[in-house]
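Visitor: I'd like to ask you about the structure that follows.
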Amino acid sequence: MDVSQYLEIFIDETQEHLQNLNTQILELEQDTENMDTINEIFRAAHSLKGMAGTMGYKRMQNLTHDMENVFSEVRNGNIKVKANLIDVLFQCLDALEEYLDSIKETADEGTNDNEPLIKQLNEILTSKGEGGAPEEKQPAAPAEEKSAAPAAASSGDGEKWQEIPIGDSEASVIAQAQSQGMNVFGVTVYVQDTCILKAARAFLVFKAVEELGQILLSNPSAQDIEDEKFENDFSIVVITEKSLDDVIKACENVSEIQKAVGGAVNLDNAVAADSVKEEAEEVKETEKAEVPVEVSAAPAESAPAAKQEKKPAAAKPVVNRTVRVDIEKLDSLMNLVSELIIAKNSLVSITSNADLGHEDTAFNEQIEYLESVTTNLHESVMKVRMVPIESVLQKFPRMIRDLQKKLGKQMELYMTGEETELDRTVVDEIGDPLMHLLRNSADHGLESAEVRKERGKPAVGEIHLDAYQDGNNVIIEVSDDGNGIDVEAVKKKAIERNVITPEQAENMSDKEIVDLLFLPSFSTAKQVTDVSGRGVGLDVVKSKIEALSGEVSVKTKYGEGSTWTIRLPLTLAIIQALMVVVGDEKYAIALGSIETLEDITPQDIKLVENKEVINLRGSVIPLIRLDDVLQVPNKRENNGDLVVVIVKKGDKLAGLIVDELIGQQEIVIKSMGKFISKCKFISGATILGDGEVALILDANALI
Amino acid sequence: MDALKVNNKVQMNEDGYSEPVIVQFIVVKIGEEQYGINIKYIENIVRMQHITRVPQVPAYLKGVINLRGEVIPVMSLRLKMGLPEDVETKASRIIIIKMEQHGNIGLMVDEVKEVVNLEEDQIEKVSYGSRENSESFILGIGKYEGGLISLLDLNVTVLDRENV
């Protein structure tokens, strides 16, 4: 079978499963007896094995097979989860990731058999398991679980259709159909273990059965089946004129279907089973409510029962209908929307210029309507491109755990705001800078346990990562309760490295000195470790974030910890901007960087160190005459009042003197290409309604 | 000269021409001189339009224009070659050149005259020795109907020295 066409799906899904495993194993480490987690891990390992097997990645399959065996034993309570097991599992995940990386690059899993890991897994199996051969144990496990299902106690082996919960309305339909002489069958269809497109097979089964009759019910629900939210079997209730054999044959005719079993639905039994089911559900409910107590003291019998019930119930709420879309398609959609907005802008500018009589109000109304539609369209497309930052943050708990072992420090990572959404392109890029900052906090920030004790801090250091939206920006903060930045040490180092002179150092504020850390090749770590301290950290963080039109700043207090703040724009393609005129040229200033607009008189301008400033409500703000900075050829003579746009960059403010304000406008950011990238005050260009190009001022670079 | 011949052959092969090798050039006028631009680099020829000035760039970069929704930088060939500043006339055009690595760029010319087909033997290569010394933007001279056409080396013309 040629599986190359599935390679992309395989890579995507494997990545998701691995990430899932990482998260779940971390959870398992915290709560070693959580059956939900163990089941989830088992399921993920099982899917991984299946997928790797179908794709012909034997080594990957072997490793996941052994992992699955271990979990099967854990699930059966034969192996207790211990620290060394978790360590081995993490190593397995790393090995799997290596396979995946290799597959990504060459479509081949490589030649590393990971013998030691497999050996370790087997040792765990034999030393603490009940000695059963893994091959026998593995297929036995799911069967055991099935028979443990409480409601199916009366049913024969594998006839899961009898467990389908039948509601009142369905029961009446069945009764009616039966009274009309129709047959009502319950059928359970088993899909082959090796099948990769289970949902597609299920769909074919549905289609085949629907030719014979009507499908009344399915378990799991049709939606879940479509989303592949089922293991290897699903059950349906079908109303048909045909015989049971016809239905089963129709099911089994679909390829990759292992078998189908079924029988006539007897309403009395079904309802009875259903009520048992309901009871079980109630039991589960109460169990759920008492989870903390339950988990620690779970009696061996009730645990599997609860587990069987919980799985479908827990899976449902997270299900969303989704489609995977190539990011390029989204980009082209975004471009089209941009074009539309430009066209809309030009219509708006035509109507505002043209002297339209009042009879044209209808026309104006339509223009306004168009405006609101394009704005909404833009927002929708933007939202489509937005992904939760979670995908990046997920890997950090694992990283901190590894660092903890490596550095021999105790630390705990607390994350909030994983659901905060950012443009896909930003999310892709933000991982590395965040990793740098976290490593920094773990390595330089947090002190060793002894020092922490001396300082009266808890032995376990805290690292917080908080993400939240603030207007048109997303803020990500990385903070620790560690050492903080030693300003004197930074100062000394800076002088040592000739970054600043001792005289300069005297006049610098603490904040300015701390900002030196963002300069290239500046590391204060006394020792270079392989975690951080090679001097390529913070400047990379800074340049990467600035490349995303964001900014990074730090607040610190020596001895108490530091907070790194990253501020990112929500989107990079279309922004709200203030249009201004300088000389006879138009410029756009991103609304996000504007603090206020002020009218000032020439008398308000004061000179400090020969630089123009104004005193605005108590704060002294430097002024920038844009016509000078931008070398505008036709400067206007203006001796009257001045218009000042106050822009901010972090805590810093500056006043930009412009000649005229045009107004707020939605603009589409266009790159100017590689030929004109040298002008640092310009961050891009945009096309105005009249087709003219206006440049976008980079307020950050001006300050 | 041998090195040149080899170079020549390779280039022609890349163009996918079979014998006899014919290259098409668009002939433009800059000042009093006629220049030829290899047609395969030309994306478009547009009339003069409003150019938005960009601050703090070399003078020969006149600014950017909007070409059907794309922002494209425009360069003055006159200023790049050290000639007096362009005087905009009805005949002035911007030739949009497509540079593989660097995207599109517009070149301002005084006039676009015609398209010519030049065979290999009508092109006289400029030797490398002379190119190193002077600020030369041409890779050869084309002889066509008695006139001479300087064939522009776009890599040298468009890209800055440090970028080449």
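Each reported figure results from applying straightforward, stated rules to the coordinates on display, with no laboratory input. Just so we're clear, the structure is a prediction, and the values are computed from it rather than from any experiment. With ideal geometry, Cβ positions are generated from the backbone for all residues, glycine too; neighbour counts draw on all protein chains shown.
Visitor: Distance cut-off 26 Å, Cα to Cα: go down the list B:80/B:113; A:80/A:457; A:104/A:259; A:383/A:674 and report the pairs above it. Numbers along the way, then the final one.
Guide: Values: B:80/B:113 21 Å; A:80/A:457 34 Å; A:104/A:259 35 Å; A:383/A:674 29 Å.
From B:80/B:113; A:80/A:457; A:104/A:259; A:383/A:674, over 26 Å: A:80/A:457; A:104/A:259; A:383/A:674.
Visitor: Using +1 on the beta carbon of Lys and Arg, -1 on that of Asp and Glu, and nothing else charged, what's the dipole of segment A:390-569 about the Cα centre, debye to 20?
Guide: Working: 24 positive and 33 negative charges, 148 e Å.
So the dipole magnitude of segment A:390-569 works out to roughly 720 debye.
Visitor: Using only atoms on other chains, find how many Cβ atoms lie within 10 Å of each Cβ of peptide B:44-56 and report the average.
Guide: Numbers: counts 0, 0, 0, 0, 0, 3, 4, 2, 11, 9, 11, 15, 9.
So the per-residue partner count for this stretch is 5.
Visitor: What is the order of A:541, A:189, fewest Cβ neighbours within 10 Å to most?
Guide: Listed from fewest to most nearby Cβ atoms, that is A:541, A:189.
Visitor: Right, something else. Where the centre of each part is set by its Cα atoms, how far does segment A:453-524 sit from segment A:180-243, in angstrom?
Guide: The two parts, judged by their Cα centres, are 61 Å apart.
Visitor: What are the ³J(HN,Hα) couplings of segment A:72-78, residue after residue, when phi is run through the Karplus curve with 6.51, -1.76, 1.60 and θ = phi - 60°? Round to Hz, x for glycine and proline.
Guide: Result, ordered by residue: 4, 5, 4, 5, 7, x, 8 Hz.
Visitor: Also, quick follow-up: Checking a compactness column here: for segment A:390-569, what do you get for Rg(Cα) / (2.2 N^0.38 Å), N being the number of residues? Walk me through the numbers before you get to the answer.
Guide: Values: Rg = 16.2 Å, N = 180, 2.2 N^0.38 = 15.8 Å.
Normalised Rg, Cα atoms only: 1.02.
Visitor: Taking the highest mean first, how do the peptides A:635-643, A:179-187, A:561-569 order by number of other beta carbon atoms within 10 angstrom per residue? Walk me through the numbers on the way to the answer.
Guide: Details: A:635-643: 11.8, A:179-187: 17.2, A:561-569: 21.2.
Highest to lowest by the protection proxy: A:561-569, A:179-187, A:635-643.
Visitor: What average number of partner chain Cβ atoms lie no more than 10 Å from the Cβ of the residues making up A:662-675? It would help to have the intermediate numbers written out before the result.
Guide: On the way: counts 0, 0, 0, 0, 0, 0, 1, 1, 6, 3, 9, 10, 8, 18.
Average per residue, whole number: 4.
Visitor: Determine the shielding of peptide B:59-68 by partner chains: average, over its residues, the number of Cβ atoms on other chains within 10 angstrom of each Cβ. Can you show the working numbers first?
Guide: On the way: counts 0, 0, 4, 0, 6, 11, 3, 11, 2, 3.
Averaged over the peptide's residues, the number is 4.
Visitor: Right, here's the next one. If you project the alpha carbons of segment A:574-702 onto their three principal axes, what span does each projection cover, largest first, in Å?
Guide: For segment A:574-702, the Cα extents along the three principal axes come out at 40, 33, 27 Å.
Visitor: Using mean Cβ contacts within 10 Å as the protection proxy, how do A:254-265, A:448-459 order, highest first? Could the numbers behind the result be given before it?
Guide: Values: A:254-265: 17.4, A:448-459: 13.0.
Going from most to least packed, we get A:254-265, A:448-459.
Visitor: Which peptide among A:594-600, B:28-34 comes first, and what is the full order, when sorted by highest mean count of other Cβ atoms within 10 Å? Write down the numbers at each step before the final one.
Guide: Details: A:594-600: 14.4, B:28-34: 16.1.
The densest-packed peptide leads the list: B:28-34, A:594-600.
Visitor: Principal axis extents for segment B:45-109, Cα atoms only, whole Å, descending order, please.
Guide: Taking max minus min along each principal axis of the Cα atoms, segment B:45-109 gives 29, 27, 21 Å.
Visitor: To continue, here is another question. Relative to 2.2 N^0.38 Å, what does the C-alpha radius of gyration of segment A:327-386 come to as a ratio? Two decimals please.
Guide: Values: Rg = 14.1 Å, N = 60, 2.2 N^0.38 = 10.4 Å.
Rounded to two decimals, the normalised Rg is 1.35.
Visitor: If you don't mind, there's one more thing I want to ask. What would the Debye formula give as log10 I(q)/I(0) at q = 0.10, 0.12, 0.14 Å⁻¹ for the alpha-carbon point model of segment A:4-145, no solvent?
Guide: For the requested q values the scattering log ratios are -0.30, -0.44, -0.60.
Visitor: A follow-up question, please. Mind giving me the nanometre distance, one decimal, between the label points for residue A:598 and residue A:171, set 7 Å out from Cα along Cα→Cβ?
Guide: Going from the residue A:598 label point to the residue A:171 one covers 7.6 nm.
Visitor: Among the listed pairs A:82/A:453; A:606/A:649; A:405/A:555; A:82/A:119; A:586/A:648; A:611/B:62, give every one whose C-alpha distance is greater than 25 Å. Display every interim value, and only then the final one.
Guide: Numbers: A:82/A:453 28 Å; A:606/A:649 22 Å; A:405/A:555 28 Å; A:82/A:119 17 Å; A:586/A:648 21 Å; A:611/B:62 31 Å.
Long pairs (Cα-Cα over 25 Å): A:82/A:453; A:405/A:555; A:611/B:62.
Visitor: Another question, if that's okay. If you bin the C-alpha pair distances of segment A:444-492 every 5 Å from 0, what whole percents do you get?
Guide: Here the calculated profile for segment A:444-492 is 5, 19, 18, 17, 15, 13, 9, 4, 1.
Visitor: Relative to the Cα centre, what is the charge dipole magnitude of segment A:530-650, using +1 at the beta carbon of each Lys and Arg, -1 at the beta carbon of each Asp and Glu, and rounding to the nearest 20 debye?
Guide: The dipole of segment A:530-650 has a size of about 440 debye.
Visitor: Over all directions, average the projected area of the Cα convex hull of segment A:196-273 and note it in nm².
Guide: On the way: hull surface 20.6 nm².
Mean projected area for segment A:196-273: 5.2 nm², to one decimal.
Visitor: Would you mind ranking A:558, B:144 so that the residue whose beta carbon has the fewest other beta carbons within 10 Å leads the list? Before the final figure, lay out each step's value.
Guide: Values: A:558 14, B:144 18.
The most exposed by this proxy come first: A:558, B:144.
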